[in-house]
Each structure stands twice: as structure tokens, then as C-alpha cells.
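S.K.: One structure coming up, written as C-alpha cells, with questions to follow.
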Amino acid sequence: MPVRTVVRRSYYRDSMVLMRVAEALRALPGVREAAALMGTPANHELLVSAGLATEETKDAVPGDLVIAIRADSDASAEAGLAEVERILTERRPTDAAAGRALPRTLESALRQMPDANLVAISVPGDYAKLEALRALRRGLHVFLFSDNVSLGDEIELKRAALERRVFCMGPDCGTAYINGVGLGFANVVPRGRVGYVAASGTGLQAVVSRVAALGEGVSHAIGVGGRDLSAEVGGIMTDLALEALAADPTTEAIVVISKPPAPAVVPKLETAIGRIAKPVVVCCLGARPAASGAGRWVATLDDAAESVVATLRGGAWAPRPFTDVPGVRARLARARTQAPRGATILGLYTGGTLAHEAGLVLEPLVGTTAYRLVDLGDDEFTRGRPHPMIDPEARAARVREAGQAAEVGVLLLDLVLGRAVHPDPATPLVAAVYDARRAAAAAGRAFVAIASVVGTDGDPQDLRRQIATLEGAGVEVLPSNAQAARFAALVIRPGLEAALLGGS
Amino acid sequence: MSLALDQPLRVVNVGLELFASALEAAGVCVVHVDWRPPAGGPEVAALLARLDD
């Protein structure tokens, strides 16, 4: 079967464009496999393992674009290469319609928009600091989606931002809202009176979506990046964000969302919260306050959403394991018929904070050896390729592998919707679940698939349709990630029923 | 610009075009930069970050 390759020297395209090229090529008649990637060392390994490496590709350097196609015939391969040309020269519809030439640098963009107040940066991590510094030095807020930025560079960027009293949201900031407008992966939620400081993109998405379902909107959500509350960064941006939200007249209550802060940073955080006259709910997953009194500390993202809404409305609130106990019992009866004895749980996540939260829920319920959680959005999986919330393939491949794994009895999944996220993430996920089920059935096994969906009725993917697609494939969809993790625990540990569902 | 958050967002997007499109869909004014890595790679970028003041 012929393999045709083309190397374009010094020709950069971002990982999204390359993903589109590869997808379009694979959909062509006669094309069996295709790759479109920059010539990084990791990508050379991929080409070799896919049998797509040639004499021509082996000299490609990281600045070179490599296209590789394996097809049934030379004619199909040639057609593929012509298609590549068409996609690479495509212009953005809005710019083409306006007859605009795209600026090539931040400086020339600012000449087009001299009153810009924020720069959103999602270039590869190696280049992110340079672009972010250029923006911060002009006194502009930065939304820094890029990951693979060193801790030293992060500290330098945040100090530069603090000096000019602007926000450096990130690195590795997935989501933020300014004036109710979402940046990055953002669910469509109403504008409202809850302000957020978030060291976690998917954590923020989960809480704003749940809060929206409860009828409240967002004022501002300042993303700070996952390492802001580390000992090294010391919460530089969290402090600044709390100060801004405390002074913001549209914000009536504040939610802080993070993985556990470094122990040394907790007292500092509590002092900052203690100075705020507005109610503050703190969801630092896995952390407890050092000195009680400042803020209401909650255990899960669900609890954060319910607690802040109850606070705003002056109502009482207490955490609960499930919102629909009869519904859970019915699902459980169904699921227990599928899960083998001695089964373990495999969590395949696109949201890092959701994976972390699942671990916190599962560990005390089933013990550390009964589950394994993989965060496919972690730096190691995203170098040179799109985030799994944009490109579902990396997770789909692992779902398929799970079908071959005898020990996996429960597959625990998240599905995150919103702007800039894959237009229909349930469909490729479900296709992988079907493949995994077939593989398991061929070996005389079965597994239970459990998911939760982060999304709102306003999201472009259609929340109800996404849930229906999952349920149509027999995936048990729970109302939140924490509930999904508890349900997974119930499936493999029937003895937990009394504790989690109450007496029956 | 101060920390005041009450100004309408006006965004320059450097990197994934997808984010510019999402902002446009949300009704935000955005200029997208057709970004390319600087010639010379990451090492040159690091050097520029130090000098570019």
C-alpha cells in the first residue's frame, strides 16, 4: 500500500488546523491512514509507529510540516495531497468576507484594535512566555491557555502582571469569564451575581454550569492556572482576583475553585478571604482550612454550586451524596447485572480537576487499589496535539483499549461541553464504547460505562442530545462528576448502599 | 488599564483560531493574529523575551 509524504520546510500550522487536515484526509476514499504534524521528536515517533515515516520525513525539524498518507492507490494518495493544499490555504470566513488581511504579530493586531484590553494566547508552550510578556508589558490582561510553560516563567509572568495590576490568567488556564463573556472552553451561562477565582478550567465549567441550572449567573470568573496556589507561585493571581471581585459591584458572592493549595499558602488564602465582606465558598478539592472561620469550605464542585446558590438566597444547605436516590437505585439494579465480580474502576477524563475530584470521592469508598484515573488533558498528552476536549481521539483510543482489559469492570467518564469544545463529543465517545463492548463481549466479559456531562442548555452541542446519545449507548449518565464517582463505587461495592443511599 | 472589570472585552487572539471564532460567536470584538513561531525556534524566543522590553 503506497505511503506518500510531503515535508514543507519552515511552515507552521497550529494543532487544530493539523487535526482538521488529518481528519479530512482520513475521510477521503481510498485513504487508510494520514498524519499532519510538525516535525518534533515525539511526532517522529508517532510516524514510525504508524508506519508513515519515510526517507523524506526523517530530516524534518520542529518548524517543518509533515504530511503523510497511506492509501489504496497512488491516485488516492495524490487526491489526498491536493486536499491538503486546499485546507492549508483556506482563510477564516469572517476575515475573507471582510477582505481583511490577518496581522502576523501582536503589535500589528494592536494597530488594528488600539483599545484592546485583553490578549488571549494559545501558542505552543515554548513560545507562550514571549507573547504573554509582550501583552503584559503593554498593560493588557492576558488569558494564557498554553500549557507546557515552566514554573519559573509562570512566576516571572505573574510578577510582571502584578506590577502593572493586570491579570495573567494562566498558564494552563482553560476557562475564564470577564463581564459574563467566556474565554477558552466556556459554557454558555447567564450573566449574574456569582464571581469566581478558579485554578481549574473544568472545575470552573462544572460549577458555573450547575449554578446556571439552579438559576444564577456569572459576573466574572478569573482563571489563575492550576499552579497559582503552589508554594512557588504563592497565589499571586488568586490574591489579585479576590481583591478585584471584592470591589466589583456586580459580584455578590465568590467561589474559589482549586486543587489543594500548598499547605504554606492556605493561611494566606484564608487571610485574603477573611478580609472580604461578601460570602465566599471555597472548593479546594481535598484541602481543609487551617484556621476555621474564613469562608465556607466545601468538598466537591457540586457542593460549591449548591452552597453558593443557597447562600445568595438565604436558604439552608447540606451536602448529599445523590440528588435522585430512587433513580440511582434503578440504575444500580441494571448496572450490577453487567459488572463482573472483583471489577475495578478505570476513569478516563478530559477534565483534570474532574479526575482529581473523582479520586477524592473514590479513595475513601473503595480504597486506592480499586480504581485508576487518567487525565488526558495533562501536559504529557497535549504536547503538539489539541486538548482532548477538542480532539476526542486520544481518549477514544484508551476507551477501546479498556475493552481488552480484563480487570476493568467500570469505565468512568466525563463529557465537557461549551464553546470551543468539540462540536459533538458524545458521538466519538459512544463509538469507542461500542467497540470496547464488542471486544469485551468477544472475551466473555462486560463492563458498566458511567458518565457525567458538564454543560448547559445554551451550549452549542445541545446538552440534552449529548446525554441522549450517551444513554442510547447504555452509558449511565449521573447529574454530576461526584455523583458519577459515587455510583461507580456502588457498582463494585454493594456494601456501600446503606451509607450512600440510606436504609431501604 | 486598571483592574476595573466593567469595560466591554476587546480581545487580540494569538494562537488557536478556534478561540477567536468562539469569541465572535459570543459577540465579542476580536482580532486574530496569524501567529507563526519566530525563526530560530524556542531558544530565540527565550532570548527575545529577555531583550524585548
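S.K.: With the Cα gyration tensor of the stretch A:337-455 giving a ≥ b ≥ c as the square roots of its eigenvalues, does the rule (a/c under 1.5 for rounded; else a/b larger than b/c for prolate; else oblate) give rounded, prolate or oblate? Present the calculation step by step, with values, prior to reporting the outcome.
M.R.: Numbers: a/c = 1.88, a/b = 1.31, b/c = 1.44.
Oblate, because a/c is 1.5 or more while a/b does not exceed b/c.
S.K.: Output the relative contact order of chain B, whole-number percent, from Cα pairs under 8 angstrom with separation of 6+ residues.
M.R.: On the way: 35 pairs, mean separation 15.7, N = 53.
Relative contact order of chain B: 30 percent.
S.K.: Here's another thing I want to ask about it. Which longest run of chain A has no exposed loop site in it, a site being GluC sites (Glu not before Pro) in a DSSP loop with at most 16 other beta carbons within 10 Å, and the site itself not part of the run? Provide the component values of the computation, followed by the final result.
M.R.: Working: sites that count: A:Glu55, A:Glu56, A:Glu90, A:Glu232, A:Glu407.
Formally, the longest exposed-site-free interval is A:233-406.
S.K.: Semi-axes of the protein assembly as shown's equivalent ellipsoid from the Cα gyration tensor, sqrt of 5 times each eigenvalue, largest first, rounded to whole Å?
M.R.: Values: eigenvalues 264, 225, 76 Å².
Those come to 36, 34, 19 Å.
S.K.: A further question on this structure: In whole Hz, with x marking every Gly and Pro, tabulate ³J(HN,Hα) for the stretch A:173-185 from phi via Karplus 6.51 cos²θ - 1.76 cosθ + 1.60, θ = phi - 60°.
M.R.: Taking θ as phi minus 60°, the curve returns 9, x, 8, 8, 10, 10, 6, x, 8, x, 10, x, 7 Hz for the stretch A:173-185.
S.K.: Take peptide A:139-146, look around each residue's Cβ out to 10 angstrom, count Cβ atoms belonging to other protein chains, and average those counts.
M.R.: Details: counts 2, 4, 5, 1, 4, 2, 5, 3.
For peptide A:139-146, the averaged partner shielding equals 3.
S.K.: From the Cα gyration tensor of the stretch A:193-261, with a ≥ b ≥ c the square roots of its eigenvalues, which class applies: rounded if a/c is under 1.5, or else prolate if a/b is larger than b/c, or else oblate?
M.R.: oblate
S.K.: Using 7 Å Cα-to-Cβ label points, what is the A:Glu232/A:Arg137 separation (nm, one decimal)?
M.R.: Rounded to a tenth, the inter-label distance reads 2.3 nm.
S.K.: Suppose each label sits 7 Å from its Cα in the direction of the beta carbon; what would the B:Arg10-B:Ala46 distance come out to in nanometres?
M.R.: Reported label-point gap for B:Arg10 and B:Ala46 is 3.7 nm.
S.K.: Quick one: grab the alpha carbon gyration tensor of the stretch A:322-370, order the square roots of its eigenvalues as a ≥ b ≥ c, and give me rounded if a/c is under 1.5, else prolate or oblate depending on whether a/b is larger than b/c. Can you show the working numbers first?
M.R.: Working: a/c = 1.90, a/b = 1.33, b/c = 1.43.
Since a/c reaches 1.5 but b/c is at least a/b, the shape of the stretch A:322-370 is classed as oblate.
S.K.: Once you treat every alpha carbon in the stretch A:262-418 as an equal point and sum by Debye, what is log10 I(q)/I(0) at q = 0.08, 0.10, 0.14, 0.16 Å⁻¹?
M.R.: Once normalised to I(0) and log-transformed, intensities are -0.33, -0.51, -0.93, -1.11.
Every number here is computed from the coordinates shown, using simple stated rules; none is lab data. Computed from a predicted structure; not experimentally measured. For neighbour counting, all protein chains shown are included, and Cβ atoms are generated from backbone atoms with ideal geometry for every residue, glycine included.
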